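The values are calculated or read from the model by the stated rules, or taken from the named source; none is laboratory data. These numbers come from a predicted model, not from an experiment. Note that each Cβ is placed from the backbone with ideal geometry, even for glycine, and that neighbours are counted across all protein chains shown. Just the protein is used for accessible areas: all its heavy atoms, side chains included, with ligands, DNA and RNA removed. Shrake-Rupley method; radii C 1.70, N 1.55, O 1.52, S 1.80 Å.
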Amino acid sequence: ERSISRETCLFPSKGCNPVPPLAQTLQGYLRALEPLIPEEELVHTRKNIQKFCGEGGLGPQLQEGLERRARHSNNWISDWWVQWAYLESRQPLPVHSNPAISLPKRDFSDWRGQLVFASKLIAAALDFKNVVDNGRLPVEYMRGQPLCMELFPLLFSSCRIPGRKHDTITHHSRARHITVVRNYQFFQMDVYNSDGSRMTESQIHAQLLRIRAESWKTDKEPMGILTSEHRQTWGQAYSRLLKDKLNKESVRAIEKGLFTLCLDSPVMRVSDDKYSSRMAAQILHGGGTHSNSGNRWFDKTLQFVVGEDGSWGLLYEQATAEVSYDFKILEFEKPDPKKTPLIPLQMPKKLYFNIDREIKRDIEHAKQNLDILINDLDIRCFNFQRFGKELPKQHNLSPNAFIQVALQLAYYKVHNEVCASCDIASQRMFRGGRTDYIRSPTNQMLKFVLNFDDPSISVRSILLNKMYYYYHRESDQSALKGQSIDRHLLGLKLQAIEEGLSVPRLFMDTAYGLATHWKLRTGQVPANTDSVMCFGPLVPDGYAVCYNPQSDHVHFSVTAFNCCEETQAETLAATLHSTLCQLQELLQPTV
């Protein structure tokens, strides 16, 4: 089997990402503001930029500091980004941070099929880990690109550790076990034999049967609920929890595990049109404290979820992991050729906790807060079946840009305005690269949505003239080349703080607040399967939209918060569906 060497994977051809030119970023920032704010406010922002860049301004000094940082690090922004966006965030991990990937329903509907499939999933994940550990990944999983692979070894045995002011990430490279949780009860299960070989599917299945026999009670305290709390609250409870020796041993076993397997109990059946939404929510947060939320340890980097009804998916903590890494694991499935050795297996170790009055109180508070959060989440998933990515391609249009046009138009139809929108782009062609944003609203896009219902204007010609597509592709390429504006602006701000300087007025401007109030967070998550990813909005009055374009259909997930009366996931999803149909009619007009 052809493969790419570890050296090529770890050190992509583009090397370390460059710091974009200061003038280029600020010009891009002004262009991004043009469709969002009135001209008089733009005049004020231009003056702030002139002061920032001019003689005596902080811009050149901060830019020099970033370039100096780039010369002495593998990636000048990634560590800052992870710290600022994730580890210093105090928001709960479920909904707000941890994305979920819901996979197509499997052909089983009871616990027997659940355990058989879970055994295959564990074996596939361990085989993938072995490939990563040996530094050789098959070419088809690289999609022909020399992408940075430094994060792959960190996917396994990593865990986020809560703190009162900021979190940290721990990694245990020598772990030989996984954690299995069922009915809120955690087990430490070894997955390697004494000779270092991984257990066969039959051995893994035998161990899962043992775990099922030891976890039939349903009256246990849901310890995993604690990890769903506000990070400062969980950090305080974490300190109390670890004062007890037994609790500390159990928590450490979970943190050190290669990954966690969540064996979920059956959930209430819903109609077919609501099934994908229910399953995405089930993977995302567990369904609530009376369902399977206690079967999660939200701090864990990788959690595979398998339900008794054939539902399954992946929940991951993104301070360590990115979706592009996680899909490689989910796509890595092959028959198990191993013969089962005739050796006795050690019983999986059940993890126990001493729950005193304080910990009991912490659990009850966490249960209340999680149920409030879950009830606040509005989620709608649907499969758009009129066309897929091949239709835009037939007209030499970018499928991603085409869907972005539909999203912007749908948002405008619902709210009669455009908003700050971010599309997520990977920067893995650089060493240590993570992500950056592509800003979707442009003057060309604004012109299109404003004129869409004007009978005197040919919106088809506007759609086909490719101005917006060209601009979005250029923005996409800028992000892929490390030349996008948002991480650079963040770096300038953080560089000022690091040098002990006042935050420049540019970042205190109301325009900057508006430009970074992401009411529409989007992400194209292409995969070889009919999967759908979902995560919560970035702001209370916003949406999050994920989409997986296939050749003849597109999977969508739309989320919003019920606390905002102006945003409804169902409304935006329905409007997006009808908008896509209208755009199809523009491309394929009926005679």
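Summary of values
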quantity: Candidate set: region 190-209, residues that are buried (at least 18 other Cβ atoms within 10 Å of the Cβ), of a type in the set (A, V, I, L, M) and out of contact with any Phe, Trp or Tyr (no Cβ under 9 Å at 6 or more places or on another chain); chosen: the one farthest from V116 (Cα to Cα); calculated: V191
quantity: Single unsatisfied condition, T170 versus (1) in a loop (DSSP other than H, G, I, E, B); (2) open to solvent by 30 Å² or more (accessible area, probe 1.4 Å); (3) closer than 30 Å to Q91 by Cα; (4) at pLDDT 90 or above; calculated: (1)
quantity: Among the candidates L154, L62, residue that is buried (at least 20 other Cβ atoms within 10 Å of the Cβ) and either part of a helix (DSSP H, G or I) or hydrophobic (A, V, I, L, M, F, W, C) (or both); calculated: L62
quantity: Single residue of region 70-91 satisfying the filter (within 15 Å of T301 (Cα to Cα) and not hydroxyl-bearing (S, T, Y)) that is farthest from the chain's Cα centre (by Cα); calculated: L87
quantity: Selection status of G196, over 26 Å from E308 (Cα atoms) and in a helix (DSSP H, G or I); calculated: no
quantity: Complete set of residues in region 72-88 that are part of a loop (DSSP other than H, G, I, E, B) and either modelled with pLDDT of 95 or more or surrounded by fewer than 16 Cβ atoms within 10 Å (Cβ to Cβ) (or both); calculated: H72, S73, E88
quantity: Contacts under 9 angstrom Cβ, first residue in region 16-33 being free of Cβ contacts under 8 Å to residues at least 40 places away in the same chain, partner open to solvent by 10 Å² or more (accessible area, probe 1.4 Å) and among the charged types (D, E, K, R), 6 or more apart; calculated: L30/R46
quantity: Which listed residue is open to solvent by 30 Å² or more (accessible area, probe 1.4 Å), at pLDDT 95 or above and either touching a Phe, Trp or Tyr at 6+ places or on another chain (Cβ under 9 Å) or on the phi < 0 side of the Ramachandran plot (or both), from Q582, Q568; calculated: Q568
quantity: Residue match in region 542-558 (condition: touching a residue at least 60 places away in the same chain (Cβ under 8 Å) and over 27 Å from E322 (Cβ atoms)); calculated: yes
quantity: Test: residue in region 206-219 that is more than 21 Å from V305 (Cβ to Cβ), at pLDDT 95 or above, not aromatic (F, W, Y) and not in a helix (DSSP H, G or I); calculated: no
quantity: Residue within region 394-402 that is part of a helix (DSSP H, G or I), closer than 22 Å to C563 by Cα and among the small types (G, A, S) present; calculated: no
quantity: Selection within region 226-237 - in contact with an Asp or Glu (Cβ under 9 Å, 6 or more places away or on another chain) and either within 23 Å of D110 (Cα to Cα) or part of a helix (DSSP H, G or I) (or both); calculated: L226, T227, R231, T233, W234, G235, Q236, A237
quantity: Exclusive hit being at pLDDT 95 or above, open to solvent by 60 Å² or more (accessible area, probe 1.4 Å) and at negative phi, set L494, L538; calculated: L538
quantity: Scope region 284-297; condition over 13 Å from the mean Cα position of the chain (by Cα) and at negative phi; matching residues; calculated: H285, T289, H290, S291, N292, S293, G294, N295, R296, W297
quantity: Residue selected from region 376-414 under the condition over 25 Å from the mean Cα position of the chain (by Cα) and surrounded by fewer than 19 Cβ atoms within 10 Å (Cβ to Cβ), by the criterion modelled with the lowest pLDDT; calculated: N396
quantity: Residue match in region 415-428 (condition: part of a helix (DSSP H, G or I) and surrounded by fewer than 24 Cβ atoms within 10 Å (Cβ to Cβ)); calculated: yes
quantity: Unmet requirement for R68, which otherwise passes all of (1) more than 30 Å from Q318 (Cα to Cα); (2) part of a helix (DSSP H, G or I); calculated: (1)
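Here's the yes/no breakdown for (1) under 30 Å from H72 (Cβ atoms); (2) touching a residue at least 12 places away in the same chain (Cβ under 8 Å); (3) in contact with a strand residue (DSSP E or B) (Cβ under 8 Å, 6 or more places away or on another chain):
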| position | (1), (2), (3) |
| --- | --- |
| A406 | no, yes, no |
| N416 | no, no, no |
| D436 | yes, yes, yes |
| P441 | no, yes, yes |
| Q444 | no, yes, no |
| K447 | no, yes, no |
